[in-house]
Amino acid sequence: MSESFEASKVGTRNHTVEKQGAYLQESHQTDSVNPVTPAGSMMHRSPSRPQLDLSGAAIHGSQEEDRTPAILLPNQSDDISHFAIDIGGSLIKLVYFSRHSDSSKTPITPRKMCGLLERRRESLNGGSLRHTFPVLGGRLHFVKFETNKINECIEFIESKKLHPCNIIGESTYKDDASEGADDGAVIKATGGGAFKYAELLKDKLGVTLDKEDEMDCLVAGLNFLLKTIRDEAFTHVDGQKQFVQIDPNDMFPYLLVNIGSGVSMIKVDGEGEFQRVSGTNVGGGTFWGLGRLLTNSKSFDEILELSQKGDNSAVDMLVGDIYGGLDYNKIGLSASTIASSFGKATSGSKDLSDYKREDIALSLLRMISYNIAQIAYLNALRYGLTRIFFGGFFIRGHAYTMDTISFAVGFWSKGEAQAMFLRHEGFLGALGAFLSYDKHGLANLTSHQFVERFPMGAPCAGGEIQGPPIHDLNGKITWMEKFMAKGNEIMAPVPTSAPGTTGVGGFGRPLARSGSLRSDSSAALNVGVLWLVPTLEPFPLLKDPKRYEPSTIDLSDDDEREYWFNILSSHLPTLVGTAVGSEGGTDGAKRRGDAFAQAFRAHLARLRQEPAAYGKLSLATLLELREECLREFHFMDAYRAIKQRENEASLAVLPDLLNELDDARLLALIEGVLAANIFDWGSHACVELYRKGTIIEIYRMSRNKMRRPWRV
Ligand SMILES: Nc1ncnc2c1ncn2[C@@H]1O[C@H](COP(=O)(O)OP(=O)(O)O)[C@@H](O)[C@H]1O
Ligand SMILES: CC(C)(COP(=O)(O)O)[C@@H](O)C(=O)NCCC(=O)O
């Protein structure tokens, strides 16, 4: 039981909050798909739903000393971190997996793991391991690097030890005498760099790249995201982000426009059924390359930042410039429509240095975005498609870019087609490559089996680690303290971008809400860490599990959101006190408590700026975020001390209570559970009751007074 909120919510709102408890842990068997690519090549997927191999399971460490000893599953075939890589013309994208378990408690080194796997293989006569592919509980991380700094990527892989074992458990250690030891790990790779850098990766990491086709991977990655990840796709119009619920049974056809260095346009008709229908060499590389030359910017983000302060009418030739300030009404062009991007620069009297870098940056961004959007629309028209997904890192979650593309698609299609964007925009290929490992069976997972988390840890991009390493608690706290001491506001690891107005007919200056973009490294580009909980299944007695929505308080309403943000902020000191108290109130716990408060405040600040930053915001997701934040700072149960006290009080009155109960025991039990559940979510009335009385009184009140539309 937890006292979640202090401040009042009495009477004014009448919400029903259900806990996300409608999932239960169970594994079940589903058939896998074996999609056929257009070229006729089979995309291999796991033939069966995975099982945990529990044989030989043993407690690791002493049960007396350790309250939560780790359980070793020595015969579990693939408890290994590993990755897939997409090496593009501009950026390297890495998707890597890490196990759930606390590595400090289960010090299984990759070498040990290889040994375990070798023994396992021997015991199976080298046979069936390849055919048992358990889906693992663990986390999927998303990281990117600049391709021209590939060595930083290699260092990252080495530092995280992602590469020592290959996907079928073959040892990669040169000194290991076992069969296959010289083969090295086999890593799934896509993008042109999978060919270009194969030798380099072999030399430096000893890994062999198993190349997967780039288009196959893009499509597989996007299909997976649309089917599996909640709040993946969204529209972006006039600075407003709106998540789109995609029906997994009605996803096709659609057009994927992947804006990387160049642009590929792919018509997707089904799982593994697609055709690259078009492309253009005027893409993200063009923007970055030309932009660098023209503005002398040092980074991609610098150009985006410049563009936020620019006025393109100083560079672009507008219809009004040509028509003496008039609209060209007959063909529907207003005076402010861009007639010719960079058209004003034809004037012989001006040099590059006479133009403002900001204006050039905006003009370029609009030129490239409009052009791609227009080609996309024409292809959608050509094939009768109305849904267009834009991916690739050119988008970079940048509001102005998305608004511009949306405007152009809407304008040209007269509202018939819709531009949609993706939170994992640039990771489609890497994800597709990761999914192509036979063993995961990931493609069969459902949205219930993923949870996205946004840790305060160190997002890493371009080789630079921002903030503390994700698993180092002490480093993380020190980092928080350092910033607190400086009086700096720590922002959660996601970027803000300035929404602005745009339009074919307008040249309005973008309205920068924040002064600057958050650094690309801190961005993690609206992408959190995906936790795989493959054993989660929807509660089978739900009337319509697909439509079940556990979060009933939607925080997209400004007032509602502000209300809850204030409640959570004002309750924070009490929560920290409770959490620290539950850990004995030690100095160490206080330090962690302060760091937790700082981290959670940073998340709230981030969400105040951009409520949809982490997906659709509801009260349930906000509370989960807070819980996750507590766990990040190792408060596994903030209410432990209260629970202990309450349990003791409850046990003291239990005999009397049992005597009171009549035949309706089951009903009483369910009512009690529901009452506790409601209390858990912090109704003010319950909190007050709890202050004045005891748990037994709450229970009695729930039985006698509360009348809800329960079925029992
Ligand atoms: N930090 C960055 N460095 C370079 N390019 C970036 C960065 N962030 C976004 N971009 C944009 O992303 C494009 C690359 O997108 P991406 O989808 O990774 O394609 P590719 O596979 O060709 O590398 C670049 O051309 C540039 O427009
Ligand atoms: C060659 C590519 C598939 C490589 O992918 P990228 O690294 O740009 O993501 C892409 O750059 C592209 O589709 N270029 C456009 C070529 C054209 O159709 O004109």
With a 1.4 Å probe and every protein chain kept in, tell me what percent of the accessible surface of the stretch 607-670 is carbon plus sulfur.
57 percent
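Out of the chymotrypsin sites (Phe, Trp or Tyr not before Pro) in the stretch 542-615, which ones are loop residues according to DSSP with at most 16 other C-beta atoms within 10 Å? Mind dumping the intermediate values first?
On the way: sites: Y548, Y563, W564, F565, F596, F600, Y614; in loops: Y548, Y614.
Answer by residue number: Y548.
Accessible area per residue for the stretch 387-440 in Å², computed with a 1.4 Å probe and the full protein assembly in place, what is it? Show your work: numbers first, answer last.
Values: 1040 Å² over 54 residues.
I get 19 Å² per residue for this part.
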How many nm separate the modelled label positions at Y323 and E549, each set 7 Å beyond the Cα in the direction of the Cβ?
4.4 nm
From phi via Karplus (6.51, -1.76, 1.60), per-residue ³J(HN,Hα) for the stretch 381-394 in Hz, x at Gly/Pro:
4, 4, 10, x, 9, 10, 9, 10, 9, 9, x, x, 7, 4
May I ask you to derive the FRET efficiency for E560 and Q374 from their Cβ-Cβ distance with R0 = 56 Å, giving the value to the nearest 0.05?
0.90
In whole Hz and in residue order, list the ³J(HN,Hα) couplings for the stretch 233-244 that follow from phi through the Karplus curve 6.51 cos²θ - 1.76 cosθ + 1.60, θ = phi - 60°; x for Gly and Pro.
9, 8, 9, 9, 10, 6, x, 9, 9, 10, 6, 10
Sort out for me the Cα centre separation of the stretch 602-631 from the stretch 189-234, rounded to whole Å.
30 Å
Could you sort the peptides 283-291, 155-163 by per-residue average Cβ neighbour count (10 Å cutoff), highest mean leading?
283-291, 155-163
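Once the piece of chain linking F539 and S159 is laid out straight, how much longer is it, given 0.36 nm per residue of separation minus the C-alpha distance between them? Intermediate results must be reported in sequence, preceding the final value.
Working: separation 380, 0.36 × 380 = 136.80 nm, distance 4.05 nm.
132.7 nm is the gain from fully extending F539 to S159.
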Label-point gap, in nm, between A652 and K350 - each point 7 angstrom along Cα→Cβ:
8.2 nm
Could you go through the stretch 569-575 in sequence order and give the Karplus-derived ³J(HN,Hα) for each residue, using 6.51 cos²θ - 1.76 cosθ + 1.60 with θ = phi - 60°, rounded to whole Hz, and x for Gly and Pro?
5, 6, 7, 4, x, 5, 4
Given H placed 1.01 Å from N in the peptide plane, which residues other than close sequence neighbours of S278 have an amide H under 5 Å from its amide H?
M265
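I need the calculated FRET efficiency for the pair A198 and D269, taking r as the beta carbon distance and R₀ as 45 Å, to the nearest 0.05. It would help to have the intermediate numbers written out before the result.
Working: r = 32 Å, r/R0 = 0.71.
That pair, A198 with D269, gives E of 0.90.
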Check which residues have an amide H placed less than 5 Å from F342's amide H, if you skip close sequence neighbours.
D316, M317
Amide H contacts of W531 (H built 1.01 Å from N, under 5 Å, at least 5 apart or other chain)
L140, V451, E452, R453
When every protein chain stays in place and a 1.4 Å probe is rolled, L140, L326, L542 sorted by accessible area with the largest first are L326, L542, L140
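State the extension gain, in nm to one decimal, for the chain segment bounded by Q609 and L661, taking 0.36 nm per residue of separation less the distance between their alpha-carbons. Don't skip to the answer; put the middle values down first.
Numbers: separation 52, 0.36 × 52 = 18.72 nm, distance 5.18 nm.
Length difference between fully extended and current span is 13.5 nm.
The values are calculated or read from the model by the stated rules, or taken from the named source; none is laboratory data. These numbers come from a predicted model, not from an experiment. Note that each Cβ is placed from the backbone with ideal geometry, even for glycine, and that neighbours are counted across all protein chains shown. All accessible areas refer to the heavy atoms of the entire protein, side chains included, with ligands and DNA or RNA removed. Shrake-Rupley method; radii C 1.70, N 1.55, O 1.52, S 1.80 Å.
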